[in-house]
Ligand SMILES: C[S@@+](CC[C@H](N)C(=O)[O-])C[C@H]1O[C@@H](n2cnc3c(N)ncnc32)[C@H](O)[C@@H]1O
């Protein structure tokens, strides 16, 4: 099995869209009238979910009519949110077939199939022309990316000069390997965490400048602790990320929090730019 196949099998077990639809029904959400706000507890598939997407959106220089690229778009929540909020177009690409299918079907369900188009592919070899996008981002994707050099070089290539690139990830901490399972790996296989300073160096080698790194560990911890407390007291929402994380969801969240507490992981948000031509 190739690495790409193993990573896609890890994320997209079974018919993801049907599972989401079934959970919507259980939560009393009618698919015919569902809104992106109602989908948000499930379709922002990263630490702190929807809230983290909103905070990222606050710092991104996006303009109406822009064309953005979401690398590792998952089931498309962030892409739909940005497209709706900024009146822009988002192309999504993801390595996991059931996620791409779910992303496109959910976009159709909320009438956004023209604004958000997702396709199957690997962020290390992007199927887009040079200088196509006004901005790009990858939220919680790179933990599974073996060749960060290729991933960043491809992002750089498809961005227009002056475009932004944003990244959120769990970086490798200073203390020992992470406890598993975590969202991106059951047992350490398919995991390629890098120290934040090495990620910054890789972005610089790809050509990115104005690199700003924000430590998001404390924010993530608070959110994980709140989710654990709800689950342990039987109050976890019916329509929540456990639908995608599976039966081990609680253990996964516990480990992810513990890894940050023990400094085995070091979550960061990074914003950088492809340099604009001199004088522009
Ligand atoms: C934690 S999910 C994040 C999904 C989405 N970015 C979000 O925030 O809702 C990680 C995603 O990265 C995708 N992924 C992992 N490696 C990838 C690669 N090399 N190219 C494209 N997608 C990848 C997985 O399939 C999965 O959908």
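Just so it is clear, none of the values below were taken in a lab; they were calculated from the coordinates. A quick note: this is a predicted structure, and the numbers were derived from the prediction, not measured. Note: ideal-geometry Cβ built from the backbone for every residue, glycine included; neighbour counts use all protein chains shown.
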Do you know which residues across region 47-81 are over 13 Å from the mean Cα position of the chain (by Cα) and closer than 14 Å to residue 134 by Cα?
60, 61, 62, 63, 64, 65, 66, 67, 68
Given the criterion without any contact (Cβ under 8 Å) to a residue 60 or more places away in the chain and in contact with a helix residue (DSSP H, G or I) (Cβ under 9 Å, 6 or more places away or on another chain), identify the matching residue among 250, 244, 230.
250
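Please go through region 115-150 and give me each residue that is part of a strand (DSSP E or B) and closer than 15 Å to residue 8 by Cα, ordered by number. Steps first, please.
Within region 115-150, the subset part of a strand (DSSP E or B) is 116-120, 133-139.
The answer is 119, 120.
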Listed by first then second residue, the pairs whose first member lies in region 74-98 and is without any contact (Cβ under 8 Å) to a residue 24 or more places away in the chain, whose partner is more than 10 Å from the ligand (Cβ to nearest atom), with beta carbons under 8 Å and at least 6 positions apart or on separate chains, are 87/64; 87/65
Confirm whether residue 62 is away from the ligand (no atom under 13 Å from the Cβ), part of a loop (DSSP other than H, G, I, E, B) and either free of Cβ contacts under 8 Å to residues at least 40 places away in the same chain or over 27 Å from residue 148 (Cα atoms) (or both).
no
Which residues, taken from region 40-59, are away from the ligand (no atom under 14 Å from the Cβ) and in contact (Cβ under 8 Å) with a residue 40 or more places away in the chain?
59
Can you tell me which residue is nearest to residue 133 (Cα to Cα) among those in region 82-112 that are away from the ligand (no atom under 13 Å from the Cβ) and either part of a strand (DSSP E or B) or out of contact with any helix residue (DSSP H, G or I) (no Cβ under 7 Å at 6 or more places or on another chain) (or both)?
89
Could you list, in sequence order, the residues of region 151-186 that are surrounded by fewer than 21 Cβ atoms within 10 Å (Cβ to Cβ), away from the ligand (no atom under 13 Å from the Cβ) and in a strand (DSSP E or B)?
160, 161, 162
With respect to residue 191, is the statement that it is over 19 Å from the mean Cα position of the chain (by Cα), buried (at least 18 other Cβ atoms within 10 Å of the Cβ) and within 23 Å of residue 138 (Cα to Cα) true?
no
